[in-house]
Amino acid sequence: MSRFTPKETYRKISDISIDYLKNDVGIKGLIFDFDGTLQLKWKISKSTFEFIKDAKDMGLKVSVVSNNIHINEFLLRKMNIISIKKFALKPFKKPLLDMAKRMKLKPEQIAFVGNNRFTDIYGSNRAGMYSIYIQNNINGFFHKRKTQGSLEGKGINKIDD
Ligand SMILES: [Mg+2]
């Protein structure tokens, strides 16, 4: 199996089974990529918002590791996500392993959810995490980063419903 091959692939976050991850795989925490994974078109979908709430209600720890310097912390606070690592340099393992330590979990107890096969899937496979690929065609194989700049005042600090 290639290091770029995820353990699971879905079109959207809400298709992931929290029950399966928790009870069959032994997952205790989720780390999310931000751009193109949690946030799509500057918004967090209602179904993603509900998924995060359900995961937390079921006792999973949730954090974000993003390569971007700018991520919308307002949206993350709304989702009660406090553990955040920006400018993480995925696919290096270190930012993922550092976050695992912050979460007080072993890598194999963590599922990493991302939309980029190189930074997210290759990175989390290398780190020994359970990789989940969100195949939504937002990014190709290599993520072309856009400069996002300030998010304030653009009416994008919202959860879509
Ligand atoms: Mg992404």
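The values are calculated or read from the model by the stated rules, or taken from the named source; none is laboratory data. What you see is a predicted model; the values in this text were computed from it and never measured. Counting neighbours? That spans all protein chains shown, and the Cβs are built from the backbone with ideal geometry, glycine included.
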Checklist line | Criterion: in contact (Cβ under 8 Å) with a residue 12 or more places away in the chain, within 14 Å of the ligand (Cβ to nearest atom) and in contact with a Gly (Cβ under 8 Å, 6 or more places away or on another chain) - qualifying residue of Lys90, Lys86, Lys61 | finding: Lys90
Next item on the list: Scan the strands (runs of 3 or more DSSP E) fully inside the range 1-103 and keep the ones with 1 or more residues being at pLDDT below 95 and buried (at least 21 other Cβ atoms within 10 Å of the Cβ).
Entry: 43-45
Next item on the list: Go through the residues of the range 139-159 one by one and say whether even a single one is of a type outside the set (Gly, Ala, Ser), assigned to a loop (DSSP other than H, G, I, E, B), surrounded by 19 or more Cβ atoms within 10 Å (Cβ to Cβ) and modelled with pLDDT of 95 or more.
Entry: no
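Name the residue that is farthest from Met103 (Cα to Cα), counting only residues in the range 1-36 that are of a type in the set (S, T, N, Q) and more than 14 Å from the chain's Cα centre (by Cα). Step through it out loud before you land on a result.
Taking the range 1-36 as the starting set, the residues that turn out to be of a type in the set (S, T, N, Q) are 2, 5, 9, 14, 17, 23.
Then keep just the ones that are more than 14 Å from the chain's Cα centre (by Cα); that gives 2, 5, 17, 23.
Numbers: Ser2: 28, Thr5: 25, Ser17: 21, Asn23: 19 Å.
So, considering only residues that are of a type in the set (S, T, N, Q) and more than 14 Å from the chain's Cα centre (by Cα), the one farthest from Met103 (Cα to Cα) is Ser2.
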